[in-house]
Every structure is written in C-alpha cells, then in structure tokens.
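The values are calculated or read from the model by the stated rules, or taken from the named source; none is laboratory data. It should be emphasised that the depicted structure is a prediction, and the values quoted were computed from it without experimental measurement. Every residue, glycine as well, gets a Cβ built from its backbone with ideal geometry; the counts of neighbours run over all protein chains shown.
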DNA sequence: CTTACGGCCTGTACGC
DNA sequence: TGCGTACAGGCCGTAA
C-alpha cells in the first residue's frame, strides 16, 4: 500500500540499521515474489556491505560494495520489521520472505502477504538503464519536476488527469491516494482530460503534489520514533486524508458546501469534491 | 504510438 | 458463526 511517502519513511527507518553495515546472514525463504529472485540471491548478498540507501519513485535501492544494487519494491503489502520476534509456528511470520542479519546483530525481515513486491540485484552501472527504472519520470520533490515538465508530459494525452498522474513516467512515486489528495489540493477535477489541464492548474498541481508528499513524510517522521512502530514495523503511520476514503463526508475546504464523491476510473476508486474540483 | 484491461496473490470488511 | 462477494494504496504484459 506504500506510495512515495511511505517508502521514504521505510527507507529512513532502514538507514540506521543497514547503512554501513555488512550482511552476515541472508535467508530468502520463498523465491516467488512478483519477480523471482535471481540465482543464488541470498549467497550473493551474504558478506556484502550496504553503503547507502536511496529511494527512487517507490523503489528502495540498497547500494552495496562491489558495484551492485539490491533493488526493492514493496508492492501493495510489503513491510519491513526490525529486531522483533517473528515465528512461523504461530503464524505471525507466515509471509516473511527475506531476512537480513547485520554485523551488529540486527535482524531485518521483509514480509509481503500478497507478494506483489520484488527484490532483485543489478549492477550499479545499470542504475539508470535497468528496465524497471529507466522509464521513470522526475522525482516530485526535486527541481526536475517543474510546471514545464508536467505540461509537456500531459500534452496530447487523452486520458483523465487522474490516470495520467498515476503514470510513473509523468511523475514518479504517486499512487491512488496521493493523486486524489493532490487533485483536491489543486482544485482540479480528476475527470479533466490531461491535455486540457491549463498552465494555472499545472502550477497548482505541482505545488499540491509537493505539499501532500512533504506533509505525509513529515507526519511519518513526527509520528514514529526512529520511523519505527512498537512492534518493529517500519514506515507506516496513521495519516488523515482530506478526500481519500471519505465518501459522503463534507468537503473540508472553507466555503465549499460539497460532499466527497467516489467514482471508479480505470478500475480504481477516485475520491473528490465535485463542488471545488474543476 | 497510446490506451484499456486482465492478472498476479492474500486478507479483510461487509451483507445475508 | 459461516459463507460469498467486493475490494485493497502497484505494476506488468498484452491486446486493441
């Protein structure tokens, strides 16, 4: 269920445990996440030092010594746990697929009941050319993501803006929730055809996207001590959304008398206020 | 080329 | 309580 802010919060939780640490033991308990582990996956990771954890879109890239990158995607249900007791016997760890033990004795467990996540290895030199990474659009929290870029990316697109913003080639890291929130913040209707978004709306969208993502990351940092919950789970936090999953509630915008509506676009729920999103 | 849709898995919520 | 159904925040491959 993680989008950019959740992935970033997970990354921040992993940094103190993994960065600079050597992996002394790695177990890959099942090989069939969305993309099967490469051959000898656990062996190739054992003994490697994690030099740096990077986030790109919804991916975490663990830069290892010897010029390799461990690429991680959490899919819909991927979670990391640090230093907690997990037991397959009791069922609590039934979906624990990968375990990393560091030279400081920390144990990091990756759990993913739907198995839409993935882990794979790539050469550091493929950082920008790997097929999962090469088509990604700009990071929304950097200057690469500009009004000019957004307008160019939307040009000629016949799909609704909602679908366009979910397209990782347009902007990287947004998912269904934050697209709904950003469209609400910008006052733009999710049904508007992408190519018809005006310059003024594009400006508001760029600003709203940055704001909702930054606020969510900040909420993770302030809600969780060390980005970690009591049970050792990293990166997830209670966050209040203004439209997502609020069908039927009053619009929170001042002076707006509308109610939040739910529609289905491209098979996914969209929440918006017909009163103030145009 | 762009756009639309099925499929991958399992868990949970809800109506009857 | 049990059962069936719908739905879930992602992404890829394929077809149109």
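What tally of residues in the stretch A:175-189 results from selecting those that are within 13 Å of DNA strand C (Cβ to nearest atom) and either outside any helix (DSSP H, G or I) or not assigned by TED's automatic domain parsing to the domain that holds residue A:254 (or both)?
Count: 1.
With respect to residue A:255, is the statement that it is modelled with pLDDT of 90 or more and either more than 16 Å from DNA strand B (Cβ to nearest atom) or closer than 18 Å to residue A:8 by Cβ (or both) true?
Considered against the rule, which asks whether it is modelled with pLDDT of 90 or more and either more than 16 Å from DNA strand B (Cβ to nearest atom) or closer than 18 Å to residue A:8 by Cβ (or both), residue A:255 comes out as yes.
Tell me which residues, restricted to the stretch A:147-158, are over 14 Å from residue A:204 (Cα atoms) and surrounded by 17 or more Cβ atoms within 10 Å (Cβ to Cβ).
A:153, A:154, A:157, listed by residue number.
Let's see how each residue does on (1) assigned by TED's automatic domain parsing to the domain that holds residue A:177; (2) under 18 Å from the mean Cα position of the chain (by Cα); (3) in a loop (DSSP other than H, G, I, E, B):
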residue	(1), (2), (3)
A:220	yes, yes, no
A:230	yes, no, yes
A:237	yes, yes, yes
A:240	yes, yes, yes
A:244	yes, yes, yes
A:248	yes, no, yes
A:252	yes, no, yes
A:255	yes, no, yes
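Residue check: is residue A:27 within 30 Å of residue A:171 (Cα to Cα), modelled with pLDDT under 95 and in contact with a helix residue (DSSP H, G or I) (Cβ under 8 Å, 6 or more places away or on another chain)?
no
Can we say residue A:228 is away from DNA strand C (no atom under 12 Å from the Cβ), surrounded by 14 or more Cβ atoms within 10 Å (Cβ to Cβ) and at pLDDT 95 or above?
So residue A:228 fails the test.
Within the stretch A:259-273, which residues are buried (at least 16 other Cβ atoms within 10 Å of the Cβ) and outside any strand (DSSP E or B)?
A:260, A:273
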